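Structure record follows, encoded as structure tokens.
Only the coordinates and a few stated rules stand behind these numbers; no lab work does. No experiment lies behind these values; they were computed from the predicted model shown. When we count neighbours, we look across all protein chains shown, and the Cβ atoms used for this are built from the backbone with ideal geometry, even at glycine.
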């Protein structure tokens with residue numbers, strides 16, 4: 001496997017001079033952060049507590065809430081979750097499963113971290129908490145417990161909502177919590193590709209297989225958010241977490257993260273902890289929308305495929321937002337001994353198999369969207385358990401956007417047994433939810 005090339009000497013000095021000349025031209029700072037995962041020491045940061053739209057980085061919090069529910073015994077990784085009509089209506093990126101389709105929580109979380117499907121994120125939320133709204137309440141409760149400052153979550157997938165915000169510092173805190181509290185599940189974030197039937201599904205994280213020691217975690221994109229990433233890498237037992245928010249393209253986001261890793265591994269640190277950073281306020285920068293004066297569809301496609309990203313950027317003819325070098329390159333102002341330039345040749349990973357349907361031998365209930373207390377009381381015969389066998393109660397509308405994606409199955413004999421399968425699913429209390437609003441079309445592809 002080929003990693004990036006290391007440039008030393010004149011090339012480093014040339015890059016340093018270029019970043020000095022061009023980086024100062026940036027009028028709008030975009031947030032970034034480098035933190036030592038073990039010591040909690042901030043090595044570098046810029047606007048790390050400024051509120052920002054997290055896009056699909058949100059799904060890290062979704063995974064945290066789901067794993068916390070497994071830890072508390074609410075369900076297991078073998079528990080089948082049910083695709084509801086509401087989940088199936090989510091815009092791309094999505095798996096395109098029909099309403100009534102069952103997927104185990106273990107397989108759903110793997111899909112979430114690799115393909116980043118918005119429909120599966122809602123399926124997880126409804127399976128864990130009963131509804132999107134109840135799951136958002138659980139997200140915010142866990143956010144408060146983790147000590148997040150700028151974050152407020154309203155959905156499990158990061159589709160754009162002005163009230164759905166976070167920060168580089170908060171995202172790094174979530175990443176650290178996942179690695180520390182759930183070390184047995186760290187492999188979720190480093191999967192290079194999935195195999196679903198005949199489908200080979202690659203990860204959107206352009207650092208995997210390209211930056212030495214990179215081992216996760218999640219990317220994200222919407223037009224208002226720009227291209228975001230939370231990444232981790234390990235050099236000789238030292239793990240760093242890098243967060244980049246608001247990059248103008250997938251390629252720029254990846255290279256900025258690699259540059260920050262290079263600087264971070266060469267740095268001794270600042271002595272500042274994540275918690276000690278002063279809290280930010282206000283709203284995300286409205287000028288940060290990367291789709292202004294650019295083709296939103298091309299950018300969305302670029303978020304799906306780095307090779308398309310190169311074509312889109314060449315067509316746009318810009319090195320950054322409005323032709324400006326993005327501010328994270330200011331991190332290159334001090335010369336370093338090694339500069340890792342990422343390659344963009346395609347990498348074929350050994351895929352991790354996933355499948356549709358319950359785990360072999362599963363005899364417990366399947367979990368999906370659950371009615372409110374009022375709806376349960378009014379229903380004839382009392383409460384009912386929603387499963388694939390009575391999925392007509394979910395709805396029969398077809399998914400929007402990616403409805404052509406077939407539901408495929410793979411041989412169950414190849415699936416990896418889910419952990420914690422010995423735990424039984426606990427009964428859930430009915431959860432109150434707000435009136436369902438029609439979801440606004442958006443794109444959160446990676």
For the pair residue 163 and residue 184, the simple spin-label estimate (label points 7 Å beyond Cα toward Cβ) gives in nm 3.7 nm
Per-residue counts of other Cβ atoms within 10 Å, averaged by peptide: what ranking do you get for 131-141, 169-179, highest first?
169-179, 131-141
Please find the FRET efficiency linking residue 272 to residue 363, where r is the Cβ-Cβ separation and R0 is fixed at 45 Å, and quote it to the nearest 0.05.
0.30
Work out how much length residue 281 to residue 234 would gain on full extension: take 0.36 nm times their residue separation and subtract the Cα-Cα distance, in nm to one decimal.
13.7 nm
Go through 239-250, 99-110 and give me the packing order, highest mean Cβ count within 10 Å leading.
239-250, 99-110
Cα gyration tensor shape for region 68-124, rounded if a/c is under 1.5, else prolate or oblate:
prolate
Need one word for region 37-82: rounded, prolate or oblate. Basis is the Cα gyration tensor (sqrt eigenvalues a ≥ b ≥ c); a/c below 1.5 gives rounded, then a/b vs b/c decides.
oblate
